[in-house]
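Asks: The structure under discussion is supplied below as structure tokens; questions concerning it will follow.
The values are calculated or read from the model by the stated rules, or taken from the named source; none is laboratory data. This structure is a prediction, so every number in the text was calculated from the model and none was measured. Heads up, the Cβs are rebuilt from the backbone with ideal geometry, glycines too, and the neighbour counts pull from every protein chain shown.
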């Protein structure tokens, strides 16, 4: 591999990695600002800025600093993020602030109650009072189609 080819490959990889970091953070709810991508504050996002972001991201995972990320390190970072998201969600659901969630609150979150009845009514194409496997697959396909337009069911699933 020539040095020029290596530089092009490296630059492409860093750009893709930087975009991937931005997309991943945006999906997690934390939107990447121009300022956060412009790591050196130069007023432009450069390959060097993206390399800095990649280095920072790697360091976040490589907690023992040995230059590689073990399964334990990888899982620990994701577990901490999941705990943070769950804590935030709990706070939103605990409207009265008493530190507990009632069954009604959780059923609404999980699609039970009136929300569940509306879903059954919406997807029950033959009026049987339930959703068959075929109706479910039809509804899922429809929602996944809508996903391409940035909305709907299965937003983070295949």
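Asks: Please determine whether any residue of region 113-127 is more than 30 Å from residue 90 (Cβ to Cβ), surrounded by fewer than 10 Cβ atoms within 10 Å (Cβ to Cβ) and modelled with pLDDT of 90 or more.
Replies: Of the residues in region 113-127, the ones more than 30 Å from residue 90 (Cβ to Cβ) are 124-127.
Checking which are surrounded by fewer than 10 Cβ atoms within 10 Å (Cβ to Cβ) leaves us with 127.
Filter again for modelled with pLDDT of 90 or more, leaving 127.
Checking region 113-127: at least one residue is more than 30 Å from residue 90 (Cβ to Cβ), surrounded by fewer than 10 Cβ atoms within 10 Å (Cβ to Cβ) and modelled with pLDDT of 90 or more.
Asks: Before we move on, is residue 83 modelled with pLDDT of 90 or more and closer than 27 Å to residue 34 by Cα?
Replies: Details: modelled with pLDDT of 90 or more: yes; closer than 27 Å to residue 34 by Cα: no.
Here the answer is no, as residue 83 does not meet what is asked.
Per-residue answers, yes or no, for (1) over 18 Å from the mean Cα position of the chain (by Cα); (2) part of a helix (DSSP H, G or I); (3) without any contact (Cβ under 8 Å) to a residue 12 or more places away in the chain:
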| residue | (1), (2), (3) |
| --- | --- |
| 69 | yes, no, yes |
| 98 | yes, no, yes |
| 101 | yes, no, yes |
| 105 | yes, yes, no |
| 136 | yes, yes, no |
| 146 | no, yes, yes |
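Asks: Then there's this: Condition (residue is free of Cβ contacts under 8 Å to residues at least 24 places away in the same chain and touching a helix residue (DSSP H, G or I) at 6+ places or on another chain (Cβ under 8 Å)) applied to region 45-52: is it met by at least one residue? Please lay out each step first, then the result.
Replies: Quick first cut of region 45-52, residues free of Cβ contacts under 8 Å to residues at least 24 places away in the same chain only: 46, 48, 52.
Narrowing further to those that are touching a helix residue (DSSP H, G or I) at 6+ places or on another chain (Cβ under 8 Å): none.
No: region 45-52 contains no residue that is free of Cβ contacts under 8 Å to residues at least 24 places away in the same chain and touching a helix residue (DSSP H, G or I) at 6+ places or on another chain (Cβ under 8 Å).
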